[in-house]
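The structure appears right after this line, and notes come after that.
Quick note: the coordinates plus some simple rules give every number you see, no bench work behind them. Remember, it's a predicted structure, so these values are computed and weren't measured experimentally. Reconstructed Cβ throughout: ideal geometry from the backbone, glycine too, with neighbour counts over all protein chains shown.
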Protein chains: 2
Amino acid sequence: MLELDTLSEIINESLRDIDYPAYPAGLYQPIAYILDCGGKRLRPVLTLAACQAVGGESGNAINQAMAMEMFHNFTLLHDDVMDKADLRRGRPTVHRKWDEATAILSGDALLTLATQRVTMNAGEHLHDVMELFNKTAMEVYEGQQYDMDFEQEDDVSIEQYVEMIRLKTSVLLGAACEMGAIMGGADKKVRDAMYTFGEKLGLAFQLQDDYLDTYGDALIFGKEIGGDIINNKRTWLLVTALHKDTTGKLRRFIDHCPVSNAEKIATVMEIYADNDIPGLCTEAIKNYVNEAIDAVKTAGLSPSDEKFFIDLALSTIGRTH
Amino acid sequence: MLELDTLSEIINESLRDIDYPAYPAGLYQPIAYILDCGGKRLRPVLTLAACQAVGGESGNAINQAMAMEMFHNFTLLHDDVMDKADLRRGRPTVHRKWDEATAILSGDALLTLATQRVTMNAGEHLHDVMELFNKTAMEVYEGQQYDMDFEQEDDVSIEQYVEMIRLKTSVLLGAACEMGAIMGGADKKVRDAMYTFGEKLGLAFQLQDDYLDTYGDALIFGKEIGGDIINNKRTWLLVTALHKDTTGKLRRFIDHCPVSNAEKIATVMEIYADNDIPGLCTEAIKNYVNEAIDAVKTAGLSPSDEKFFIDLALSTIGRTH
């Protein structure tokens, strides 16, 4: 298995090498802009690694790997418009740097470019990769819809919240793993094992994201701490705390919050601490990491390949950004 | 060949029969809403007709036909957000009836549902139909981008305008025809002939649309007459008139128009008449209709099938809505 950093670099290079048409610039420049952010490229790395681990050449899955990253960035692009977000990875979002119409249209184009990548050199696997890609895309939209719905709903259960993040973020990691397994020629059992690994890893990852927004180090995390609390964002922390806090104090406080942002963050964190929310969250993350590890152990990989995925899952727990 | 109305009814029934998931309602209801508008369903009808005409069973292309209609409606849905349009086919647009985020997300989902349909029962043609679909989608986005770009540009040539509408609207009609031909098992030459028929028909159709916005009957056309003039919309009429009117009167008038909407329409129509714009437009439409007819005549269809497509092209000229 190639090193994680080497796989990331292969992806970054492949994305940089995409030859966009020069015109219309308003369509292609935002796509190049959002894809040009470096980073770990977790999803496509999973695709390449899974392909190699099941016995394929990782190069055979390069287009499908790129498709995963392109699809992910398409969802970020459109989500940012829907959420009216100003910044993404420390840079202006596409709809701020250009405008909303540009963000919608270049997002559409990025989705189609991702679909095109899925089909490239797919050979005998074309039907399977397209089926997986389309199914996953629909689930991601469902997750985003539930996310928006939940912002308007008072009583979201922890199960509903977890199902929402599973759809919105985890299925894409599951699909990234299975996509690589398909391109590597794996059978159904191995495909399913790799999918479950990615799915559980995604859940661990998203809960860690929720956790770090409140308990992370602002400098390392790369964004302001406490943003979720200020915005009353439904996170695992808030949803769980609302169910744990039988006094109703948290509910009343976030419904009618007359204090400053700093005071709001402090008070909510106090209620979280009183109800052991950070401990429960860390526990839940560990459970998902263990489920991911259990799944990959059923895939029949070589010990060194298995270790690659296990280390990746364990690194989630130590993650600070 | 089945009658035009029969083919439309098959499409309308197939679209009505789509079984959407009940949840999340915010994602699927807008899709059902925009697809539930009845109408001629020109694009999918072309797909079914082309499939049958080249010797296939029209039923074999039903999913690809639905995909064409779904893709078309996805573009309308997102274009309406970009254009901030209030009405579509006499009903509130999705982003007015729901909200902008809903329109963006359900549009994304509709694009993926269309892609899913393209793959359904495509069998040995899967690679070809996916390639055509993705290529066409990219061209449609390019056309929409040029359309938005041209709103900000003073000097759009007639050639640029025609290329824009070719991309934005005609290639989809071309693709609808070729998609049917592929599913019917046609060879490259026949596929190309059917594509060209649809493409030229699309150009005739769009120019007729431009023409009717100014010279149509409001009741039959289904929307207010003169809307394009009021909004300074770059149409074939305006672009051609700006190039014909060497006095610069039209340019000055639309740049600084201090009069009422009714006066604006009357004055612009006067300048159009002085420069023979309606006559030139009618002429251009006829030319595209003839090019469409010439193309379909090279496809080697049976006389009755050929007549079906020729009649369809000729009906564009007599179109009042």
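In table form, for the structure just shown:
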item	result
Calculated FRET value between A:K286 and B:K135, using beta carbons and R₀ = 56 Å, to 0.05	0.75
Convex hull volume per residue in cubic angstrom - Cα atoms of the stretch B:159-297	114 Å³
Packing-based order for A:226-232, A:84-90, using average beta carbon neighbours within 10 Å, highest first	A:226-232, A:84-90
Cβ neighbours within 10 Å from other chains - mean over B:16-23	1
Mean Kyte hydropathy of 1.6 or more with a Cα span along the axis of at least 24 Å, helices from DSSP in chain A	none
In the stretch A:1-71, the GluC sites (Glu not before Pro) that fall in loop regions by DSSP, at most 11 other Cβ within 10 Å	A:E3
Per-residue mean of C-beta atoms belonging to partner chains within 10 Å, peptide A:103-115	6
Shape of chain B, Cα gyration tensor, a/c cut at 1.5	oblate
Theoretical gain in end-to-end length, A:R16 to A:N231 [0.36 nm per residue, Cα-Cα removed]	73.9 nm
Relative contact order %, the stretch A:4-317, counting alpha carbon pairs below 8 Å whose residues are six or more apart	18 percent
Simple Cβ-charge dipole of the stretch B:174-260, Lys/Arg +1 and Asp/Glu -1, about Cα centre, in debye nearest 20	300 debye
Förster-model FRET efficiency, 56 Å R0, B:T247 and B:S304, C-beta, rounded to 0.05	0.60
Pairwise label distance in nanometres, B:D311 with A:E151, each label 7 Å out on the Cα-Cβ vector	5.2 nm
FRET efficiency estimate (nearest 0.05) - Cβ-Cβ, A:A85 to A:E270, R0 25 angstrom	0.35
Where labels lie 7 Å past Cα in the beta-carbon direction, separation of B:E159 and A:E9 in nm	4.7 nm
Cα→Cβ-extended label distance, 7 Å offset, between B:N121 and B:A32, nm	2.3 nm
Copy-to-copy label separations for B:A85, where each label sits 7 Å from Cα toward Cβ, in nm and ascending	3.0
Shape call, the stretch A:87-168: gyration tensor on alpha carbons, a/c limit 1.5	oblate
Within the stretch B:233-321: Cβ-based charge dipole about Cα centre, in debye rounded to nearest 20 (Lys, Arg +1; Asp, Glu -1)	320 debye
Size of electric dipole in the stretch A:4-317: Cβ of Lys, Arg +1 and of Asp, Glu -1, about Cα centre, debye, nearest 20	340 debye
10 Å Cβ neighbours from other chains, averaged over peptide A:143-152	4
The stretch A:178-321: relative contact order in percent, alpha carbon pairs under 8 Å with at least 6 residues between	38 percent
